[in-house]
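Down below is the structure, laid out as structure tokens.
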Amino acid sequence: MAGKISKILIIIAIASLAVFSFLSQKSPIFATCCKAGALGDDTSAVPVLTEGRKYWIGDAYYFNYRFDKKPQMGTIIMKVQVFSKAGKQESSLEITGSADMPSMRGAHSTGEQLFRLNKKGDYLLPVNVVMPGEWEVVLNFFKDKKPVYTGRVMFNV
Ligand SMILES: [Cu+2]
């Protein structure tokens, strides 16, 4: 009798473990607990930017971005140039970049890193590509500490 009850208890324990591990993979309620980046896993709503193209930040500024070389393993430098409406290079904004691999979210996440200004007024961010595959860099622009623009750059190595 006691043996039968403990068998049933073991079966219940195994079954609830299986249900729990299934839920923690599938259910958004469980998923919210473990997100890696500040934006979480889902960046699909963030517009994807194209290298060299001009993007407006409101109607006061515009910017473009480029890499110093074709993205490849090792350190690549991302360069952002911001201009005022009148076309004068602008360095009064702050820009952060957060790099990661979407297919393995959090595994190589850099967190939000500040772009550094060079003497010309270009914003520079080194990105350390440690693995082949698809990479994503989420860019956040701030003016007077207020967020004014978010976009993301995708590239394959
Ligand atoms: Cu990876």
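Observations, loosely collected:
- For region 128-144, a tally of residues being within 16 Å of the ligand (Cβ to nearest atom) and either farther than 25 Å from residue 61 by Cα or loosely packed, with under 14 Cβ neighbours inside 10 Å (or both) returns 8.
- Qualifying positions in region 76-98 - over 20 Å from residue 53 (Cβ atoms) and within 16 Å of the ligand (Cβ to nearest atom): 98
- Scanning region 53-84 for residues that are closer than 18 Å to residue 120 by Cα and assigned to a loop (DSSP other than H, G, I, E, B) yields a single hit, 68.
- Filter result for residue 119 (open to solvent by 60 Å² or more (accessible area, probe 1.4 Å) and either touching a strand residue (DSSP E or B) at 6+ places or on another chain (Cβ under 9 Å) or in a strand (DSSP E or B) (or both)): no
- Filtered residues of region 73-98 (kept if surrounded by 12 or more Cβ atoms within 10 Å (Cβ to Cβ), touching a Pro at 6+ places or on another chain (Cβ under 9 Å) and touching a residue at least 60 places away in the same chain (Cβ under 8 Å)): 78
- Of all residues making up region 145-157, the number that are surrounded by 12 or more Cβ atoms within 10 Å (Cβ to Cβ) and away from the ligand (no atom under 16 Å from the Cβ): 6
- Beta carbons closer than 6 Å, at least 6 apart along the sequence or on distinct chains, pair a first residue in region 104-133 that is without any contact (Cβ under 8 Å) to a residue 24 or more places away in the chain and in the same structural domain as residue 94 (by TED's automatic domain parsing) with a second that is within 13 Å of the ligand (Cβ to nearest atom) and part of a loop (DSSP other than H, G, I, E, B) for 108/101; 108/130.
- Evaluated against (1) assigned to a strand (DSSP E or B); (2) without any contact (Cβ under 8 Å) to a residue 12 or more places away in the chain; (3) among the β-branched types (Val, Ile, Thr), residue 50 falls short on exactly one condition, (1).
The values are calculated or read from the model by the stated rules, or taken from the named source; none is laboratory data. These figures come from a predicted structure and were not determined experimentally. Don't worry about glycine lacking a Cβ; one is built from the backbone with ideal geometry, like all the others, and counts go over all protein chains shown. These accessible areas exclude ligands, DNA and RNA; they are computed on the full protein's heavy atoms, side chains included. Shrake-Rupley method; radii C 1.70, N 1.55, O 1.52, S 1.80 Å.
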